Structures are given as structure tokens and as C-alpha cells.
Amino acid sequence: MKKFLKVFVFIMISVFVLALGFVLITFPPVMTGMGAKTMCSCVFVTHRSPESVLEKELRVFPGLTWSDITVNKKDSSVTATLLWNRSKAIFRKGLGCTLLYEKSEEAVRAQKINRPDLAPSVNQDTIPWPQGNKRDTIKLSGVNYTVLQNAVDEAFVDIDPINPIHTHAVVVVYKGKLIAEKYAAGFDYNSRLMGWSMTKSIANALMGILSKENKLDVDDPAPVQEWQEDERKKITINHLLNGTSGLAWSESYFNPVAPFHQMFIRSDDKAAYAASLELEEQPGTFFEYSSANTNLLSRIIRHEVGNENYYRFPYEKLFHRIGMNNAIIEPDASGTFVLSSYCYASARDWARFGLLYLNDGVWNGERILPKGWIAYSTTPAPPAPKQQYGAQIWLNLGNENNPEDKEFTGLPNEAFLFEGFERNSVVIIPSKELVVVRLGVTHNKNFNHGNLINGVMAALPQ
């Protein structure tokens, strides 16, 4: 028995040591990388206070404290340190923040980039909504504005004070009119807010614009140089758009050795990392939500547009045409936009983007996206079990055999969404001519989208 106990104790100590070693080796680089990048973008792009970022965004990394993070206003950078790990993110005007890993800071700052004009020379406050910010004060007939405001107010209430929802903004657009909005203290209608994976839907729009210009066809093989000599050459642009590429991937944010963090933290060229992934399933046969697919799409856009025009392309062809004048997309250290995650825009900007899709890609009479693009984008990927994903856009159609078995409980089945981490979303309900934006920093599941959307719909004419 004593011998058995000794062996058992030895095994337990060995397991503990191995587990501790795994944690110490794998978690700190993720924590410092995400900490530096998030703090940099929130401070220099969205103009938040470092204290607010540490309290909200970085509360998921309890190991990071003020003593671990340095915000350098002189060279516009943020450094995060934990144990022996150190990560740095740098801000560049017109480009936002970029996390460094393989390339030197000098090499990244020296990149020759035709930077975009982020803000056109126009005062949006003098231009009527939706192109500008001048709101129509005439109330719409049949809308119960008291019920509407109560629904919006409720989206800011913490049910569990220990786990705050940190709603920053809610905007409601009905029949093209901005009928309600609210902001948390410190935010307003010009505040840039993180979209996270809502950015994927911007990738959809940019691909749509290229399709309209006859520069690509979604059914064409994806023009990825690394795949031309193996079975991955069967992957089409459509497969990348609707999450059926079959590439080996795990969209796991809390597994430090998952491909997600290999790409986001340990790769300066995120599209190159995505291109290195092996084929795990036959293209078109298996659905997998994947940021890797989106970053490959971003590199495809770069190649099609060319470096000279790439950085201006989203602004000139999309953002400024529909009044998204606060929007900014950040590139990685290779210079490719991180279209999976890194777009920041005001709540009204995100509402404008939703309105573009509600109106079938037409803005003020001008067709921005090709005819039929919204129908294509909201057609579910055939292998998606709940018909929950189209072309970089979330759907809520539900299982074909059981429509109540759907991705977003409490939302109508017709709803489609631009959806991101921390419960950020643009919800579009076509039959109601409704767009609802909710932006915030919610690390738990205690924000209920269904309550907000159903509360808003209750205020509309029945």
C-alpha cells in the first residue's frame, strides 16, 4: 500500500508540474499579446482611457495589472509584460494598431503604405441621416416611443453587478429613420467602437464590390499561391466566404495553443499562416466558423486591388460612400487588413452598414453591392446544421426539420446578423425594415439579444 501511495503521489506531482509548465509556457504570450494589442487600439484608435480598458476589456486576463502594461504616448505604443513574456503593439496614423511578433518595430514603421484619408472633408452634423448625423425629429406614426426607449434603456441594465454587461451603445433604425439611440457615459455617436468579428461582414462587402467590378467570381478557385500544387486548389472563394473550406481550424479563444492564437499572436502575416493550414475535410462538405478563411479573403482583396490602392479601397468604395466616416480597419505587420476582427466604427456607422444590407446593397439610389449579392450572402452554407451561416454573415433560419433549433434563440428566424465577440451585433430583420446595433464589452452570457430585439419590435406597428 505504501508503495502504491508513493507511486500515486509521484504521478500526481508530475501531472501538476506538467500542467503548471503548460500554463506558464502557453498562457503568458497570449495574455501579453492580446493585452498590448487591445490596449493600443482602445487608447489610440477609440480614444478610451487606459483605466477603462483595464477594467472592461482586459478583466478576462486577471494576471495583467497596471504594473504590467506601459502606454507610451510619445511613440504611440503599448507594451505588456508578464513573467518573461513581453509584447508590443504600435499605432500608426491612418492604420491603427499592429501587434509585433516576428518583424522589428523599425521594419513595420518603415513600410511604404498609401494611407487612406480616414475622414472626408465634410461636416456630417450638417447632413441629414443616413449619409450624415442630422436626425429627423418627426416621429413615425404607429411607433410607441415610450416602449421603444424602455427596451433600449433595458439593454444598459446590469442584472448581475458582479458580471457587468458594459453596453456602450444601442442604435435603432426603422424604415431608414434613426428612431432611438443611447450611449454609456463617455461615449457618443462619434465614438469608434470595437466590432471584432462583425468585421467579417465588411470582408463580405468588399468581395461583393470586387464581384460587381468583375474582378472575381465566387465560384472561382481561391487564388492562393500556396495551394496550387495540392488538393487545396479545389477550395473556391465561395468556400472561404461560407466557412466550408475544410481547412484544419479551431476558433477557440481560450485555448492558448489553438490555431486561433497561433495566427493572431504568433504570426505577423495572418493570411500566410491561414494558407499554411492543412485540408481536414473536403471543401464544401463541412461547416467551420473560421477567422483564417476571412484573413485569406483579405489577402485575395489585396492582390486583386494592388498595394497602391488596397489601403484606400475600403474607404473609397464602401465607407465614405455610405457615411461610415469614423470607420478604420487595422492591418497586421505584413500590411494585410485583419478583416476577421479589427474594424472600429461608431454605432451609427455600424447601423449604416446594416441599412445597406437591408436595402439590398443600394445606398441613396446608388448600387454599392451587386444585384443579388445580399440574397447570395444570406443563403446558408449547405453543411451548416442550423442553417446558421451565409457568406461571412450569421443567419437564424434554424434546422430544416426543426426551425426552433436555431443559432440565436429569441430572435426571429428571418433575422441575419453581423456578430462579434463580447456580444456585439448588428441585427437586421427585413420584414420589419429594422436594424438594431448593440455594442459593448460583455465577457459572459448575461446580455440577452432577444430581450432587446423583441422589446424594440413590440414598439413598432403590429
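All of the numbers you see were taken from the coordinates with simple rules; none came from a lab. Predicted model, so just to flag it, every value in this text is computed and none were measured. Please note: Cβ atoms are built from the backbone with ideal geometry, for glycine as well, and neighbour counts cover all protein chains shown.
General remarks:
- The angle between the Cα long axis of helix 449-458 and the longest principal axis of the Cα atoms of the chain comes to about 10 degrees, rounded to the nearest 10.
- For a 4.7 Å threshold on C-beta separation, the list of partnerless cysteines in the chain reads CYS42, CYS343.
- Global form of region 368-424, assessed from the alpha-carbon gyration tensor, a/c cut-off 1.5: oblate
- Checking the cross-link pairs LYS37/LYS200; LYS215/LYS371; LYS215/LYS317; LYS177/LYS445; LYS56/LYS182; LYS139/LYS200 against a 22 Å limit on the alpha carbon distance flags LYS177/LYS445; LYS139/LYS200 as lying beyond it.
- Positive end of the dipole of the chain (Cβ unit charges, origin at the Cα centre): among ALA274, GLN131, TRP249, the Cα lying farthest that way belongs to GLN131.
- Neighbour-count ranking [beta-carbon atoms within 10 angstrom, fewest first] of LYS182, LYS139: LYS139, LYS182
- Positive-end residue of GLY440, THR146, GLY372, charge dipole of region 145-458 with Cβ unit charges: THR146
- For region 70-175: rounded, prolate or oblate by the Cα gyration tensor [a/c cutoff 1.5]: oblate
- Burial ranking of peptide ranges 32-39, 382-389 (average Cβ count within 10 Å, highest at the top): 32-39, 382-389
- Radius, Kirkwood style, for region 303-462 when every pair of distinct Cα atoms is counted (Å): 17.1 Å
- When SER290, SER104 are arranged by Cβ crowding within 10 Å, least crowded first, meaning fewest neighbours, the order is SER104, SER290.
- Ranking of PHE287, PHE264 by count of other Cβ atoms within 10 Å, fewest first: PHE287, PHE264
- Aspartates and glutamates whose Cα lies under 18 Å from that of LYS73, excluding same-chain neighbours fewer than 8 positions away: GLU51, GLU105, GLU106
- The chain, dipole about Cα centre (Lys/Arg Cβ +1, Asp/Glu Cβ -1), debye to the nearest 20: 960 debye
- Separation between Cα centres of region 285-342 and region 74-123, rounded to whole Å: 17 Å
- Backbone geometry of region 338-350 corresponds, through the Karplus equation with coefficients 6.51, -1.76 and 1.60 at θ = phi - 60°, to 3J(HN,Hα) couplings of 8, 6, 6, 8, 10, 10, 10, 7, 6, 4, 5, 4, 5 Hz, x marking Gly and Pro.
- Close amide H partners of ALA184, meaning residues 5 or more places away or on another chain with modelled amide H under 5 Å apart, are ALA169.
- Neighbourhood net charge (14 Å Cβ-Cβ; Lys/Arg +1, Asp/Glu -1) for LEU140: +3
- Charge context of LEU460, other residues only, Cβ under 12 angstrom, K/R +1, D/E -1: +2
- For the listed peptides 126-135, 112-121, a ranking on the average number of other beta carbons within 10 Å per residue, highest first, reads 126-135, 112-121.
- Listed values [x] 35, 27, 25; [y] 44, 30, 20; [z] 48, 26, 20 include one computed from this model; for semi-axes √(5λ) of the Cα gyration tensor in Å that value carries the label [x].
- Taking a point 7 Å from the Cα of LYS175 along the Cα-to-Cβ direction, the residues of region 108-142 with backbone N closer than 13 Å to it are 138-142.
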